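Here the structure comes first, spelled out in structure tokens, and everything after it is commentary.
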Amino acid sequence: MTSPLPRSADPSLLDLAPVLPVVVLADAADAVPLARALVAGGLPAIEVTLRTPAALEGIRAIAGEVPEAVVGAGTVVTAEQVDAVTAAGARFLVSPGWTESLLTAMRASGVPYLPGVSTASEVVALLERGVREMKFFPAQAAGGTAYLRSLAGPLPQARFCPTGGIGPATAPEYLSLPNVGCVGGSWMVPAEAVAARDWGRIEELARAAAGLRGAGGTCR
């Protein structure tokens, strides 16, 4: 059965699971077994970053062969990439930052999207444009949980997926914040496990990540 794709603020992409795996594919042949391991571990939303030549084919393979996964594209920085990944079957888009032209293209794609922000001014600019769900990047370098906690008071309508430097030790504190829906990370897909095609280990790491919500306090 195909997983429901969030199309509105409630339910949301940010609410599918506490962790959004950030996947870098060196070989498109790994995409399907890797996605199946993540889904089996309780992480149905999967961000495949456009950092390698294998990414687009990997997205296409997951979309076609793992219907229970909600596969999306990360590191989206151009309108052309928006067109390419949605044609390949990407069901959401994530960018490290945003421009007017990129935001226009993401909005026109018809799929959920998380434009990247790292300052209050960027958050306010997106709120003015009707965007309430965003990627906070690079999370640790940009101020971490202290910064997001400070944003929650004046800008409570904004919700975030913090990504960048987050691991299993720090994820619970992020997830305890009222303005964080999920966190992005790659610790459940370590490069050595992918290279060894150790899908069992990845499934175990995914299961542990899926259980992080509530580990550090009260979460949404």
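The values are calculated or read from the model by the stated rules, or taken from the named source; none is laboratory data. Note that the structure is predicted; figures quoted are calculated from it, not measured. Here the Cβ is made from the backbone with ideal geometry for all residues, glycine too, and neighbour counts use every protein chain on show.
Of everything in segment 59-83, what is part of a loop (DSSP other than H, G, I, E, B) and under 17 Å from ALA108 (Cα atoms)? Give them in sequence order. Write out each step before concluding.
Going through segment 59-83, the residues part of a loop (DSSP other than H, G, I, E, B) turn out to be 66-69, 75-78.
The answer is VAL76, VAL77, THR78.
Would you be able to tell me the number of residues in segment 27-56 that are of a type in the set (Gly, Ala, Ser) and surrounded by fewer than 21 Cβ atoms within 10 Å (Cβ to Cβ)? Please lay out each step first, then the result.
Step one: of segment 27-56, the residues of a type in the set (Gly, Ala, Ser) are 28-29, 31, 35, 37, 40-42, 45, 54-55.
From what is left, the residues that are surrounded by fewer than 21 Cβ atoms within 10 Å (Cβ to Cβ) are 28-29, 40, 42, 54.
Total meeting the criteria: 5.
Residue-by-condition table, conditions (1) in contact with a helix residue (DSSP H, G or I) (Cβ under 9 Å, 6 or more places away or on another chain); (2) closer than 26 Å to ALA171 by Cβ; (3) without any contact (Cβ under 8 Å) to a residue 40 or more places away in the chain:
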{"site": "ALA17", "(1), (2), (3)": "yes, yes, no"}
{"site": "ALA26", "(1), (2), (3)": "yes, yes, no"}
{"site": "ALA29", "(1), (2), (3)": "yes, no, yes"}
{"site": "LEU43", "(1), (2), (3)": "yes, yes, no"}
{"site": "ILE59", "(1), (2), (3)": "yes, yes, yes"}
{"site": "ALA63", "(1), (2), (3)": "yes, no, yes"}
{"site": "ARG91", "(1), (2), (3)": "yes, yes, no"}
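Taking ALA196 as meeting all but one of (1) among the small types (Gly, Ala, Ser); (2) without any contact (Cβ under 8 Å) to a residue 24 or more places away in the chain; (3) surrounded by 19 or more Cβ atoms within 10 Å (Cβ to Cβ), write down the number of the exception.
(3)
Out of (1) touching a residue at least 40 places away in the same chain (Cβ under 8 Å); (2) more than 23 Å from LEU93 (Cα to Cα), the odd one out for CYS161 is which?
Among (1) touching a residue at least 40 places away in the same chain (Cβ under 8 Å); (2) more than 23 Å from LEU93 (Cα to Cα), the lone unmet condition for CYS161 is (2).
Assess whether ALA152 counts as being out of contact with any Ser or Thr (no Cβ under 8 Å at 6 or more places or on another chain), closer than 30 Å to ALA37 by Cβ and among the hydrophobic types (A, V, I, L, M, F, W, C). Explain how you work it out, then say what you get.
Details: out of contact with any Ser or Thr (no Cβ under 8 Å at 6 or more places or on another chain): yes; closer than 30 Å to ALA37 by Cβ: no; among the hydrophobic types (A, V, I, L, M, F, W, C): yes.
So ALA152 fails the test.
Please tell me if VAL22 is within 18 Å of ALA193 (Cβ to Cβ), assigned to a strand (DSSP E or B) and out of contact with any helix residue (DSSP H, G or I) (no Cβ under 8 Å at 6 or more places or on another chain).
On the way: within 18 Å of ALA193 (Cβ to Cβ): yes; assigned to a strand (DSSP E or B): yes; out of contact with any helix residue (DSSP H, G or I) (no Cβ under 8 Å at 6 or more places or on another chain): yes.
Yes.
Under the condition of being farther than 18 Å from PRO33 by Cβ and crowded, with 21+ Cβ neighbours inside 10 Å, which residue from segment 57-80 is farthest from the chain's Cα centre (by Cα)? Walk me through it before giving the result.
Let us first name the residues in segment 57-80 that are farther than 18 Å from PRO33 by Cβ, namely 72-80.
Next, only the ones that are crowded, with 21+ Cβ neighbours inside 10 Å stay: 72-74, 76.
Values: GLY72: 8, ALA73: 9, GLY74: 7, VAL76: 12 Å.
Per the stated criteria, the residue is VAL76.
Looking at this structure, is ALA195 at pLDDT 95 or above, more than 24 Å from ALA31 (Cα to Cα) and out of contact with any Leu (no Cβ under 8 Å at 6 or more places or on another chain)? Before the answer, list the steps.
Working: at pLDDT 95 or above: yes; more than 24 Å from ALA31 (Cα to Cα): no; out of contact with any Leu (no Cβ under 8 Å at 6 or more places or on another chain): yes.
The answer is no for ALA195.
Out of all the residues in segment 133-156, is one or more crowded, with 16+ Cβ neighbours inside 10 Å, among the aliphatic types (A, V, I, L, M) and in contact with a Lys or Arg (Cβ under 9 Å, 6 or more places away or on another chain)?
Yes: segment 133-156 contains one or more residues that are crowded, with 16+ Cβ neighbours inside 10 Å, among the aliphatic types (A, V, I, L, M) and in contact with a Lys or Arg (Cβ under 9 Å, 6 or more places away or on another chain).
How many residues does segment 81-108 contain that are under 21 Å from PRO44 (Cα atoms) and surrounded by fewer than 21 Cβ atoms within 10 Å (Cβ to Cβ)?
Qualifying residue count for the region: 3.
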